[in-house]
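Since every read-out is calculated from the coordinates, none of them should be taken as a lab result. The structure presented is a predicted model; accordingly, all values stated were derived computationally and were not measured. Glycine gets a Cβ as well: all are built from the backbone with ideal geometry, and neighbour counts include every protein chain shown.
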Amino acid sequence: MTPQEQAAFVKAYGSNVCHHPDEVVADFVSRYESGEDIDYSYEQTSIMDALGVWHDAVKFAKEKS
């Protein structure tokens, strides 16, 4: 994800899920996208689920273009 896409994801997460503060979501996404081996905890499940949906939506949109 580009930095702009990461910012868009954080904004979408905050508007639709809002389980974590923007800073926590941005840090998680940045670490995930850099390939860091993240220890997923129950608390981060909503971010990971939303990120999976985000990537599927982007893939779908690109296939339809």
Integer Hz, Karplus 6.51/-1.76/1.60 couplings in order for region 54-65, x for Gly and Pro: 4, 5, 5, 5, 5, 4, 4, 4, 5, 5, 7, 7
When you have a sec, figure out the Kirkwood radius of the chain from all distinct Cα pair distances and drop it here in Å to one decimal? 12.2
Simple spin-label estimate for Thr45 and Ser65 in nanometres, 7 Å along Cα-Cβ: 3.4
